[in-house]
Amino acid sequence: MPRFAATTSDADLPDTARAQRRVLTVLVAAQILSGAGLAAGITVGALLAQDMLDSTSMAGLPSALFTAGSALAAIGVGRISQRYGRRPGLATGYLIGAIGSVGVLVAAVSDNVVLLFITLFVYGAGTATNLQARYAGADLATASHRGRAVSTVLVATTLGGVVGPNLAAPTGSLAQALGIPYLAGPFMLAAVAYALAALVLAVWLRPDPLLLARSLGDTDPIVTHTTAGVPVAESRKGIAVGGLVMALTQLVMVAIMTMTPVHMHNHGHGTAATGLVIAIHVGAMYLPSPLTGWLADRYGRLPVAAASGVTLLAAGVLAATAPSDSVAVLALALALLGLGWNLGLVAGTAIITDTVPLATRAKTQGTVDVSIAIAGATGGMGSGLMVAATSYPVLALAGGVLAVAVVPIAAFTARRNT
């Protein structure tokens, strides 16, 4: 491994750029694997709980549990990364996610609902780690390229995230052949995928991007400017705005996404159709990332954040008005839902990274991701209760309207910064 001097002279730039390329390559490989693990809970988590509990009102609980688990994991991964570097932090998070996946399989086989809920909570560590990895991609990036660096890591999740849901039926059949309930099948894939992601990071994420960034020193000002010349925010304000944008978009996305498989199942659609819709949704969550990152770097974080609110509104309206027998319309609605989430996540992440100094970066990022996880848990749990009390169209429309709050937040912040 090449040695890196603790300076920021021109002579060091080629080595730093080479290290960044290596870091992104390893993160991409790990994200492809973890995307498949992440998709398991999204695709069948609600259906598994509904089957074991025989109740739609609690179908949102799995999403709430593994999202709540990701909140605790976000703190742990952030603190480990802060002290020891990204490599041990991310590898530990994925390993715990693999353990949780195995636990879900055991719970399904033993028909133990309590164990299911506990292990879904543990499984959430994989979700938290998948999100935390985006910060590692930005550690060595300059301010003008952070949006694109974050996007490179996010887009890598697309392959695993799209393939994973489409393996729901085959893994279900394999599970049945092994004496495991059909709906638990995707968690076998999750266990293997998360374990391999942990191995890839533990062995190959060298040099550690956060530790190297610290040794080189922070050459970018804490308060950065977009290429359009508009300042993002002061540190505290930037953290608050970035965190709020990501939390709100996460809440809306998780709420609608969680109940879509249940809605489809209740209207006679099979696992294959549900897997296709969720695969399209997950693809839309990550695939647009290169464009989103370029937009955030070129036109600013706040306009992209505002665009997320408008896109989520369109998704909510379309999902609410989609004919129950139309897989195509639901797929389009879920695609817009994923795109809106992507816009909010990339913009919010860039704002946070812009405004947090290296000395406390990983710890602060982990804390911010706790708010995102709590918002997701709230959306997941509340979605089942709301659908049971009203209907899926009401949930979708309410979520879309709530997401529009991002627009005035972005507009107000931009006006204060001019």
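Here is how the numbers come out for the structure above:
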quantity	calculated
Single condition Thr360 does not satisfy, out of (1) in contact with a helix residue (DSSP H, G or I) (Cβ under 6 Å, 6 or more places away or on another chain); (2) at pLDDT below 85	(1)
Which listed residue is surrounded by fewer than 22 Cβ atoms within 10 Å (Cβ to Cβ), of a type in the set (Gly, Ala, Ser) and touching a helix residue (DSSP H, G or I) at 6+ places or on another chain (Cβ under 6 Å), from Ala284, Ala314, Ala306, Ala296	Ala314
Residue within the range 230-240 that is buried (at least 22 other Cβ atoms within 10 Å of the Cβ), modelled with pLDDT of 90 or more and in a helix (DSSP H, G or I) present	no
Selection count, the range 96-137, where residues are charged (D, E, K, R) and closer than 25 Å to Leu154 by Cβ	1
Hits in the range 99-110 (condition: among the hydroxyl-bearing types (Ser, Thr, Tyr) and crowded, with 24+ Cβ neighbours inside 10 Å)	Ser101
Search result, residues across the range 151-208 that are surrounded by 19 or more Cβ atoms within 10 Å (Cβ to Cβ), among the β-branched types (Val, Ile, Thr) and at pLDDT below 90	Thr152, Val153, Val155, Thr157, Thr158, Val162, Thr171
Residue in the range 7-20 that is over 29 Å from Thr142 (Cβ atoms) and modelled with pLDDT under 75 present	no
Filter result (over 30 Å from Ala213 (Cα atoms) and modelled with pLDDT of 95 or more) within the range 68-99	Ile99
Unique residue being surrounded by fewer than 24 Cβ atoms within 10 Å (Cβ to Cβ), of a type in the set (S, T, N, Q) and over 19 Å from the mean Cα position of the chain (by Cα) when the list is Thr378, Thr360	Thr360
Any hit, the range 300-309, residues being over 14 Å from His263 (Cα atoms), without any contact (Cβ under 8 Å) to a residue 24 or more places away in the chain and either in a helix (DSSP H, G or I) or among the charged types (D, E, K, R) (or both)	no
Only listed residue being at pLDDT 90 or above, assigned to a helix (DSSP H, G or I) and under 26 Å from Ser371 (Cβ atoms), chosen from Val282, Val254	Val254
Residues of the range 128-146 classified as modelled with pLDDT under 85 and under 21 Å from the mean Cα position of the chain (by Cα), total	4
Which numbered condition Val113 misses (of (1) over 26 Å from Ile372 (Cβ atoms); (2) surrounded by fewer than 22 Cβ atoms within 10 Å (Cβ to Cβ); (3) without any contact (Cβ under 8 Å) to a residue 60 or more places away in the chain)	(3)
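The values are calculated or read from the model by the stated rules, or taken from the named source; none is laboratory data. Predicted model only: the values in this text are computed from it and were never measured. We place every Cβ from the backbone using ideal geometry, glycine too, and count neighbours over all the protein chains shown.
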